[in-house]
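Shown next, in structure tokens, is the structure this report addresses.
Just so it is clear, none of the values below were taken in a lab; they were calculated from the coordinates. Quick caveat, the model's predicted, so the values are computed rather than measured. Ideal geometry is used to build each Cβ from the backbone, glycine not excepted, and the neighbour counts take in all protein chains shown.
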Ligand code: AMP
């Protein structure tokens, strides 16, 4: 037996309706905000993700990089934003409209240590709005994420917001942080030692106990913001207040990737027993990514939610609906001739939008009944020798146990009207 690859999972037929549910809920919110779906490839050229400025662990240690048979260096996408920005530039989406608003739903790949809520292949749903910079837009993007969470009915969540300011602010802050952390160098974790050189802001993200103790008194970005950056952030918060978004400013929030600037945010679950991987999603503004990938100096903002984590939260809060694709009719037959008829009856039912199924072999009555029970069919249609001869069907309501012998047309009418129920 060959098993699935470590860190991946199967969505079995009995579970897939949950995925449809979440995708549908996401699309409903997207359509209200007039975001259009974009589908970009799961593999991109290596350089899309491995840029000089991107030193994050994810890109350095966790990407699936490989050579194809023509020796092209490719990467399975670890996130979707960079691929969308590549598509934005390649297709010159900015020519048609000053602001491109897109959403996506799809898999990503990261070579991480698998654990609850952390996989090597996982799904994200998210948005990108590329082309302009506006505090109103930042507030709108956070509001979309907030609305989605509310649309799912998830209540035990919190929205954390911070700003990383513009390049000047980040450089000032970086210097202050390095000055503060350097005397503690020997006590930092090995990851943080490395980050001190490459991207000291990421140290604020550390979960290491020793690091946390040191970070406690670290300088805060808020005190190193340029006047413009501070003003921009205040404006974002004002628009969020106007939009009735409940949030907290978390001055230590930085995000995993290096391309963020100004507004960053995360939405986390506060559900008891949820586990350590409680960040449902997050995002932020990026000001240099489009240019870095060879495009115009356009800015963007976006977010991504982890679909598995959303599903887990919905499960814990018992907010997932039942599988609503129960079967309307199971058609039961008795021999070769009635199976042939049952096959055409099922076709006719589907023409009338009635879901139907049957057993495709000649099986005992009892086993067909069992199958109809498993499939939770609302009605049974029996095609026996008599029915075949008289061009009739026996229709039975599985709840009331009432049954009638009628023409197929009459049966369709009754099913449509929900009679016999
Ligand atoms: P990121 O792109 O790292 O900011 O991640 C955005 C969201 O995707 C996170 O908040 C998680 O919900 C989800 N996510 C990230 N990495 C993983 C993973 N390895 N497995 C499952 N979900 C993930």
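Under a GNM of the chain (C-alpha, springs under 10 Å), which listed residue has the highest mean-square fluctuation: 184, 303, 233? Comparing 184, 303, 233 in a Gaussian network model of the chain, the most mobile one is 184.
FRET efficiency for the residue 62 to residue 292 pair, using the beta carbon distance and R₀ = 22 Å, is estimated at 0.65. In Å, the Kirkwood hydrodynamic radius of segment 21-135 over pairs of distinct alpha carbons? Averaging 1/r across every pair of different Cα atoms and inverting gives 15.6 Å.
I want to make sure I understand the PRE zone here: with the label point 7 angstrom from the Cα of residue 27 toward its beta carbon, which residues in segment 119-148 have backbone N atoms less than 15 Å away? What the label zone holds, given the 15 Å backbone N cut-off, is 125-126. Once the Cα-Cα distance is subtracted from the 0.36 nm per residue extended length, the residue 241 to residue 352 segment shows a gain of 35.0 nm.
Residues 21, 46 in ascending order of nearby Cβ atoms (within 10 Å, fewest first): 46, 21. Report the residue, chosen from 249, 95, 307, that carries the largest GNM mean-square fluctuation when the chain is represented by alpha-carbon nodes joined by springs under 10 Å. Judging by the Gaussian network model, the answer is 95. Sorted ascending by nearby beta carbons within 10 Å, beginning with the fewest, 34, 239, 50 become 34, 50, 239. May I ask you to list the residues of segment 145-178 whose amide nitrogen lies under 18 Å from a point 7 Å from Cα along the Cα→beta-carbon direction of residue 272? Flagged as within label range: 155-158.
Could you tell me the center-to-center distance, by alpha carbons, between segment 239-253 and segment 64-82 in angstrom? Cα centroid to Cα centroid, the span is 37 Å.
With coordinates expressed along the principal axes, the C-alpha atoms belonging to segment 83-126 extend over 43, 16, 11 Å, beginning with the largest.
Going by the alpha-carbon gyration tensor, a ≥ b ≥ c the square roots of its eigenvalues, is segment 221-300 rounded (a/c under 1.5) or, if a/c is not under 1.5, prolate (a/b greater than b/c) versus oblate? Note, shape of segment 221-300 comes out oblate. With a simple spin-label model that places each label point 7 Å from the Cα along the Cα-to-Cβ direction, the separation between residue 19 and residue 213 comes to 4.5 nm. Based on every Cα atom in segment 1-49, Rg and the maximum pairwise Cα distance Dmax equal 16.0, 47 Å.
Each 20 Å bin, from zero up to the one with the longest distance, holds this percent of the alpha carbon pairs of the chain: 22, 44, 23, 11, 1.
By definition, a body whose alpha carbon gyration tensor gives a ≥ b ≥ c is oblate when a/c is 1.5 or more and a/b is not larger than b/c, and segment 151-255 fits this oblate description. Counted by neighbouring Cβ atoms within 10 Å, the residues 24, 350, 110 run from fewest to most as 24, 350, 110. Computed from the alpha carbon atoms alone, the convex hull of segment 347-421 holds 96 Å³ per residue.
When peptides 168-178, 63-73 are ranked by their average number of other Cβ atoms within 10 Å per residue, the highest-first order is 168-178, 63-73.
If R0 is 41 Å, the Cβ-Cβ spacing of residue 344 and residue 42 corresponds to a FRET efficiency of close to 0.50. The residue 197 and residue 323 beta-carbon pair, evaluated with R₀ = 56 Å, returns a calculated FRET efficiency of approximately 0.60. The Cα atoms of segment 194-349 give a gyration tensor whose axes a ≥ b ≥ c have a/c of 1.5 or more with a/b greater than b/c, which makes the shape prolate. Helix 81-90 and the longest principal axis of the Cα set of the chain meet at an angle near 90°.
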